[in-house]
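J.: Have a look at this one.
Each reported figure results from applying straightforward, stated rules to the coordinates on display, with no laboratory input. Treat the numbers as computed from the prediction; the structure is a model and nothing was measured. Using ideal geometry, Cβ is built from the backbone for each residue, glycine included, and neighbour counts are taken over all protein chains shown.
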Amino acid sequence: MVYRIPKQDINTEPFMARPPDYNRKGVVMRTDKVYKAEIINIVALTPLEKLFRLKILDDVERQIFEFRPGQFVMLEVPGFGEVPLSITSSSNNKEYMELCVRKAGRTTNVLHQARQGAKVGIRGPFGTSFPMEEMAGCNILLVAGGLGLAPLRAPIYWVSEHRDEYKDVYVLFGAKDPSQMLFTYQYEEWTKVNHMELLTIVEKGDAQWKGKTGMITELFKDVAIDPDNTYAIVCGPPVMFKFVCHHLDGIGIPMNRMYVSLERRMHCGMGKCCRCMVGSTFTCVDGPVFDYWSVLNLKEAI
């Protein structure tokens, strides 16, 4: 038996006005535009991570390009492919953007061999962002594990540039060992200039390490949190979300005021390859930023 849709159903205005968007063009924007850019500076942060400063070559394109904290771009290395990377610089900076790249595959290995002046391509920005305006007037808790400090750096810049709009700001950062600490040259600026409280910890110290050792949740003992007036942003390996967000839930911070970035699931940026899918959700398009309540309802998201 063949089921036929009644004529009155297919001819109604809502049906005709909203045809199926098979290519998700209504959701994904700027997918084909490639900005030609040049690497203008490279900083070796650790043995595995480098910070690349990129400048869009066209003056007009450089001024119209904009993003929000938490979004990412697709970085193309000509002839070798492209990789998704969270933007780790200030969203107010129109002169350049910065991307922190870990050497972890063919394309990123080639990128780590690049020198100042090398040309690359940029597509984007893609994805959702952290609701920074919504957090105004509240305390902010920024928690990062390992490479998670890279996507967290954009909201740190935002808070720094709008410091009078926020109350107490805490940055909690944990790494496996001291050699993997990122952006150490900015710690004094965050604390003394931007009036944030920075707490760091490593899982295993060395002879020169004078700070705390243990898991990042140990740092919560040194933070006075008002759960009724605090937002949290958590970035890092997915396994960390369970421990950190469970602790925050235990002290009374609502899950819809905890935001996480599932940046490690990003792939093509357009929801085309389906590698970012969690259930029926495309992390590249519907994320990578989610509130923790939504993440708990995404099977196998973490």
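J.: If R0 is 25 Å, what FRET efficiency do you get for residue 185 and residue 229 from their C-beta distance, rounded to 0.05? Don't skip to the end; give the middle numbers.
T.: Details: r = 32 Å, r/R0 = 1.27.
Efficiency for this residue pair is about 0.20.
J.: Under a point-charge model restricted to the Cβ atoms of Lys and Arg (+1) and Asp and Glu (-1), what is the dipole moment magnitude of the range 127-188 relative to its Cα centre, in debye to the nearest 20? If you can, show how the numbers build up before the last one.
T.: Working: 4 positive and 8 negative charges, 51 e Å.
With only Lys, Arg, Asp and Glu charged at Cβ, the dipole is about 240 debye.
J.: Which whole-Hz ³J(HN,Hα) couplings does the range 246-251 yield from phi under the Karplus relation 6.51 cos²θ - 1.76 cosθ + 1.60, θ = phi - 60°, glycine and proline marked x?
T.: 5, 5, 5, 5, x, 9
J.: Give the aspartates and glutamates reachable from residue 221 as a straight Cα distance under 12 Å; neighbours fewer than 8 places away on the same chain don't count.
T.: Within reach: none.
J.: Mind listing which GluC sites (Glu not before Pro) in the range 33-87 are in a DSSP loop and have 16 or fewer other Cβ atoms within 10 Å?
T.: Numbers: sites: 38, 49, 61, 66, 76, 82; in loops: 66.
Here the GluC sites (Glu not before Pro) that fit, given the DSSP loop and packing criteria, are 66.
J.: Sticking with the crude label model, points 7 Å out along Cα→Cβ, report the distance from residue 163 to residue 212 in nm, one decimal please.
T.: 2.3 nm
J.: Using a cut-off of under 19 Å, list every residue of the range 79-109 whose amide N is near the label point 7 Å from the Cα of residue 119 along the Cα-to-beta-carbon line.
T.: In the range 79-109, the label zone of residue 119 (backbone N under 19 Å from the point 7 Å along Cα→Cβ) covers 79-83, 97.
J.: Taking all pairs of distinct Cα atoms, average 1/r, flip it, and tell me the Kirkwood hydrodynamic radius of the range 35-126 in Å to one decimal place.
T.: Numbers: mean 1/r = 0.0765 Å⁻¹.
With all distinct Cα pairs of the range 35-126 included, I get 13.1 Å.
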